[in-house]
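Since every read-out is calculated from the coordinates, none of them should be taken as a lab result. Not measured: the values here are computed from a predicted model. So basically every Cβ, Gly included, is an ideal-geometry build from the backbone, and we count neighbours across all protein chains shown.
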Amino acid sequence: MKIKFSSDSTCDMPKHFVQEFDVSILPLIVTLGENEYLDGVNVQPDDLYAYVKQSGNLPKTAARSVDAFKQYFLKLLKKADVVVHCGIGAKLSACYENACAAAREIGEDKVIVVDSKALSVGISLVILSGASAYRAGASLQEVVENMKNAADNVQSSFVVDRLDYLHKGGRCSKFTFSVATFLRIKPRLEVVDGLLINTGKEVGPYKSVVLKYVDAILKKYDKPRKDLCLIAHTKMDESIVNSVVEYLKSKNIFEHIEVTYAGSVITSHCGEGTLGILYINDGKN
């Protein structure tokens, strides 16, 4: 049986994984003013930064319609027996419900939608887990169960340097924005039960904050699968990203650590200077 793995552009999957496992990506919609674009196709994060700087407004993002999902899945089915789709978490976007509706119209034996319960490269980790199992000879049922288990255990978290995008987007009050900026407070965001929430904060210069964040996450989620940790970030000082990579390497936990940029949809909501380490937390101590 030929399985085609699929996601949406919020997965931020490193390109070599997209190619290696032949993952199809449906781009979501990003709106700048009156103009609509497709994430990763004709709009990139730098376009968003320029738009916000010029207009003072945030970009808007939107899910794809049921019909768009349906046409996309039908195209994939021309070269596969079944599509296994895993995009942004069900509680974070209408994408999941729209994909499920399209699957019902086509036939849920032909299109299987898995809730990642995650965003950004947390989605990628779920897909890569299933795709690796499939490559190793797993059946369709085993692949889907593998992905559901990965989704239940994926650790998706980020630390945010600048709060201006969260403030402009109504996720941070003017008072909180002012105080946090003055005191150099950096919030820690985690996906918990499928929702992105503030679970803590770090204080100080960002270069030290990101390392405190790494320690806090590794302590809280202390059973990582050792095969892979993905670092996703928006535009930031390369030396800070490198310091996180080297710090993680010094822990001797992960066999492979890889860095990738967040796409336009994720960037639209958090702005510059956001970084996350993500991994599946169902391994052994």
Legend entry - Net charge dipole size for the chain [Lys, Arg +1 and Asp, Glu -1 on Cβ; Debye, nearest 20]: 500
Legend entry - Euclidean distance of C-alpha centroids, region 1-26 and region 37-101, integer Å: 13
Legend entry - Gyration tensor over alpha-carbon atoms, the chain, equivalent ellipsoid semi-axes in Å: 31, 24, 15
Legend entry - Residue-averaged [θ]222 nm for the chain, counting only DSSP H segments that reach four residues, each worth -39500 (n - 2.57): -13000 deg cm²/dmol
Legend entry - Length released on extending from Lys220 to Gln44, taking residue separation times 0.36 nm less the Cα-Cα span: 60.0 nm
Legend entry - Ranked packing of 4-16, 240-252, 216-228, most packed first, by mean Cβ within 10 Å: 4-16, 216-228, 240-252
Legend entry - Around Met13: net Lys/Arg minus Asp/Glu count, Cβ-Cβ under 12 Å: -4
Legend entry - the chain: antiparallel DSSP beta bridges as a percent of all, rounded to 5: 60
Inset, instruction - Evaluate Rg over Rh across region 8-131, taking Cα atoms for both radii and Kirkwood's formula for Rh. - result: 0.99
